[in-house]
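Below: one structure, written as structure tokens.
Computed from the coordinates by the stated procedures, all read-outs in this text should not be read as laboratory data. If you're wondering where the values come from, they're calculated on a predicted model, not measured in any experiment. A quick note on method: Cβ atoms are made from the backbone with ideal geometry, for glycine too, and the neighbour counts reach across all protein chains shown.
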Amino acid sequence: MKLIRRFLLLQLIFLLFETISCREELLGYDQAINPIWERNFNVGLTGGIQPIVHDNIVLFASLLEKSQDLSVNEKLIALDKESGDLIWEWNDHFRPEYQHFSSNAASLKPISNDKLAFTFGGRNFCVNLNTGGTVWKNMNDNSTSRDDLVNLGEMLFRTDIVDGENTDRLMEADFNTGIWKPVYEVNGGDSIRQGLQVPAFYFESDGDTIMIFSNTLWDHTTNKIIPRLISYNKTRDSTYYDIQLDDEPDLWSAVDWIPIIKDDMVFLSVDDHMHCRNVKTGELIWKRNLKMNLLSSNFIIEGDRLFTNTEEPRLWCLDTETGHVLWDIPSFGFASLLNYYDHKIIYSGWGLLRIVDADSGAVLAEIKAPSSYKNSDHDFSSRCTVDPETGNIYVTSWTTAYCYPPYEAK
């Protein structure tokens, strides 16, 4: 009996080794890093969100079923972030067809107390991340929303374009109820790229809540777009400043990302320039010409460095104090959001997953989707998120969700 058990154990070890060896010999599985797990959604399209990591799950989106015209709704899919096993699915839309998450993969979806909020096309949702159940959902009256939501604790904020009027409104709601009310109203733009953006926040020494946000106006008489930066004391309902950001505005002078506040500085992109301004006064500290805007990607700040990916395409690293270029390298246009982990910048675009040394700008690895070796159309999309706890990388191709380990030089 002992001999039989030993023989069976050896056979099991042999089969496991053979399986691993065979996989390493498959095309796409002999790269700088290889997947920990993968999950094929078998619908031909992974949806329009960046993967979202929360506690033990990672969220993806895909169509409910295969569709030639994309009329089928999309669903949220929660997988165990370590194993890829299915935890729950969500598809509680208002309509039975053509309900897709924002095509802007950079749209912000805040989380608070195990609840995820998101909006698209004037439809607002809140989902319980433990169960996949709907906490609340509602539709806007006489307005449509831009794709971004932000939160300050349990308060949510979105921006609305009022139908039939050249008016933008900043709206707020309690994360638990989804009951919306207006906070601020301005003349706005008339497209998704123009108009009021959701705010960044800071607190004054007396505890007052200050909101910093941009508003991009279109001057119909000159065909110029005029970007502005607003500082608003929400506690006292008082505007500190409302300043024009571009001295020589033109047709493209929009603000393409929400501000980031660090110490007494506020950073924002205005068309093809990165601005650093005094957050208290709005006065310009420095600005840097990046030669192109950042429509799809974003910028992030780590320590005294700012990283951004432009549509030229180019990846930049700037000194936050001076705006000096520390390094810049060719990159991908229409890429995913940038991720920072362990002195590395990780993102995807142009079909590749890319890992860059954040200190030097050296490209450490460019990885192709294993699914693309079977079908050249099934390469990586511009959807990439890094788990800040483990460094695991979550990325999608046209068909498949992947989890990769952190990159380590061999």
> At 222 nm, what helix-only mean residue ellipticity would the chain give, in deg cm²/dmol to the nearest 500, using -39500 (n - 2.57) for each DSSP H run of four or more?
Replying inline: -2000 deg cm²/dmol
> For the range 86-98, what does the Karplus curve 6.51 cos²θ - 1.76 cosθ + 1.60, with θ = phi - 60°, yield as ³J(HN,Hα) per residue in whole Hz, taken in order and with x for Gly and Pro?
Replying inline: 5, 9, 7, 10, 9, 8, 9, 7, 7, 10, x, 8, 6
> So what's the angle, to the nearest 10 degrees on a 0 to 90 scale, between helix 2-25 and the longest Cα principal axis of the chain?
Replying inline: 50 degrees
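May I ask you to compute the full-extension gain from residue 389 to residue 130, defined as 0.36 nm times their residue separation minus their alpha-carbon distance, rounded to one decimal in nm?
Values: separation 259, 0.36 × 259 = 93.24 nm, distance 1.90 nm.
Fully extending the segment from residue 389 to residue 130 adds 91.3 nm.
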> Excluding residue 276 itself, what net charge comes from residues whose Cβ is under 14 Å from its Cβ, given Lys and Arg +1 and Asp and Glu -1?
Replying inline: 0
> GluC sites (Glu not before Pro) within the range 270-335: which are DSSP loop residues with at most 11 other Cβ atoms inside 10 Å?
Replying inline: 283
>> For Rg and Dmax of the Cα atoms in Å, one of (1) 20.6, 65; (2) 26.2, 115; (3) 23.0, 92 was computed from the structure I shared and the rest are decoys. Which label?
In response: (3)
> Once a ≥ b ≥ c are taken as the square roots of the eigenvalues of the Cα gyration tensor of the range 247-348, is the result rounded (a/c under 1.5), prolate (a/b larger than b/c) or oblate (a/b not larger than b/c)?
Replying inline: oblate
>> Need one number: nm distance between label points at residue 104 and residue 154, each 7 Å from Cα along Cα→Cβ, rounded to one decimal.
In response: 2.9 nm
>> I need the phi-derived Karplus couplings for the range 318-324: 6.51 cos²θ - 1.76 cosθ + 1.60, θ = phi - 60°, integer Hz, Gly and Pro marked x.
In response: 10, 6, 5, 7, 10, x, 5
> Under 20 Å Cα-Cα from residue 81, which lysines qualify once same-chain neighbours fewer than 8 residues away are excluded?
Replying inline: 109, 115
> Amide H neighbours of residue 285 under 5 Å, counting only residues 5+ apart in sequence or on other chains, H built in-plane at 1.01 Å?
Replying inline: 276, 277, 278
>> 5 Å is the cut-off here: which amide hydrogens, built 1.01 Å from N in the peptide plane, fall below it relative to residue 98, excluding neighbours closer than 5 in sequence?
In response: 72, 73
